[in-house]
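The values are calculated or read from the model by the stated rules, or taken from the named source; none is laboratory data. Just so you know, these numbers come straight off a predicted model, no measurement behind them. When we count neighbours, we look across all protein chains shown, and the Cβ atoms used for this are built from the backbone with ideal geometry, even at glycine.
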Amino acid sequence: MSEPVGAHVSERWAHWRARVDLSEYHSRWARMEAAGQTAHGEADLIEALWSRAGGDGAVLDAGCGMGRVAIELARRGIPVEGADLDDDLLAFARNDAPHITWHLADLATMQLATRYSMVAMPGNVMIFCSPDVRADVVERAAAHLHPGGLLVAGFSLDGITLDEYDRYCAAASLTLADRFATWEREPYDGGNYSVSVHRLVT
Ligand SMILES: C[S@@+](CC[C@H](N)C(=O)[O-])C[C@H]1O[C@@H](n2cnc3c(N)ncnc32)[C@H](O)[C@@H]1O
């Protein structure tokens, strides 16, 4: 018996893949974008942090999926690359934005040639990756940062706690720089969604 689609990423990702028709999902986003209904909170925060850090160096959209956020960052003139382990989603990204470099890579083991000023993980990547590789995902993200670079991750606290995430960060020499409740930078108030910004200490 062949394994379910997406199971090579994680069990949770396989559940998502089993429920979602990718073409329909992609065209729904495209329709919203065309109608000006797409919110860009993630790209807004990533751009603000990137600009505040001097506006140089590239961003890695880690767990980029169909490239939703990376494509918006590139549209704003920010150098960006994407990486994901699900080639079916990357196919949409490649088709929509052939000018961007898209890596088929496991975030838990990746060894890309570039070092980035920011690794961004919007879209619940931390809870869609397999729980047993979360520490490795954070360690690999840190390994791809320039000294002083930022790891920015937004995820629901569903099967992972912030203490756990902060421990993975500390083990990878990443210290907490900011924590918000939303990508719109509302203060974190103990709720079940959080956006964390960690800096690589040198
Ligand atoms: C909900 S999607 C979010 C996609 C994109 N970040 C967005 O916000 O539109 C979660 C993504 O994480 C990716 N992912 C999870 N674990 C991964 C891993 N170990 N390596 C690479 N990608 C991973 C999945 O393949 C999926 O594309």
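Screening the candidates Glu33, Glu42, Glu11 for the property of being over 18 Å from the mean Cα position of the chain (by Cα) and either without any contact (Cβ under 8 Å) to a residue 24 or more places away in the chain or within 9 Å of the ligand (Cβ to nearest atom) (or both) yields one hit, Glu33. Anything in segment 92-128 that is farther than 23 Å from Ser23 by Cα, among the small types (Gly, Ala, Ser) and more than 12 Å from the ligand (Cβ to nearest atom)? List them, or say none. Ala113, Ser117 - these are the residues of segment 92-128 that are farther than 23 Å from Ser23 by Cα, among the small types (Gly, Ala, Ser) and more than 12 Å from the ligand (Cβ to nearest atom).
Contact annotation: residue pairs with Cβ atoms under 8 Å, 6 or more positions apart or on different chains, pairing a residue in segment 156-185 that is under 16 Å from Glu139 (Cα atoms) with a partner that is of a type in the set (A, V, I, L, M, F, W, C) and assigned to a loop (DSSP other than H, G, I, E, B), are Ser173/Val201; Leu174/Val201; Thr175/Val201.
Taking the stated definitions as given, is Leu89 near the ligand (Cβ under 9 Å from one of its atoms), in contact (Cβ under 8 Å) with a residue 24 or more places away in the chain and not in a loop (DSSP other than H, G, I, E, B)? Against the criterion (near the ligand (Cβ under 9 Å from one of its atoms), in contact (Cβ under 8 Å) with a residue 24 or more places away in the chain and not in a loop (DSSP other than H, G, I, E, B)), Leu89 qualifies. Across segment 54-83, the number of residues qualifying as part of a loop (DSSP other than H, G, I, E, B) and within 10 Å of the ligand (Cβ to nearest atom) comes to 5. Evaluate the following for Gly55: is it of a type outside the set (A, V, I, L, M, F, W, C), closer than 17 Å to Glu81 by Cα and modelled with pLDDT under 95? In short, yes. The single residue among Ala43, Ala62, Ala97 that is surrounded by 18 or more Cβ atoms within 10 Å (Cβ to Cβ) and either in contact with a strand residue (DSSP E or B) (Cβ under 6 Å, 6 or more places away or on another chain) or among the basic types (Lys, Arg) (or both) turns out to be Ala62.
Scanning segment 147-184 for residues that are loosely packed, with under 14 Cβ neighbours inside 10 Å and polar (S, T, N, Q) yields Ser156, Thr161, Thr175.
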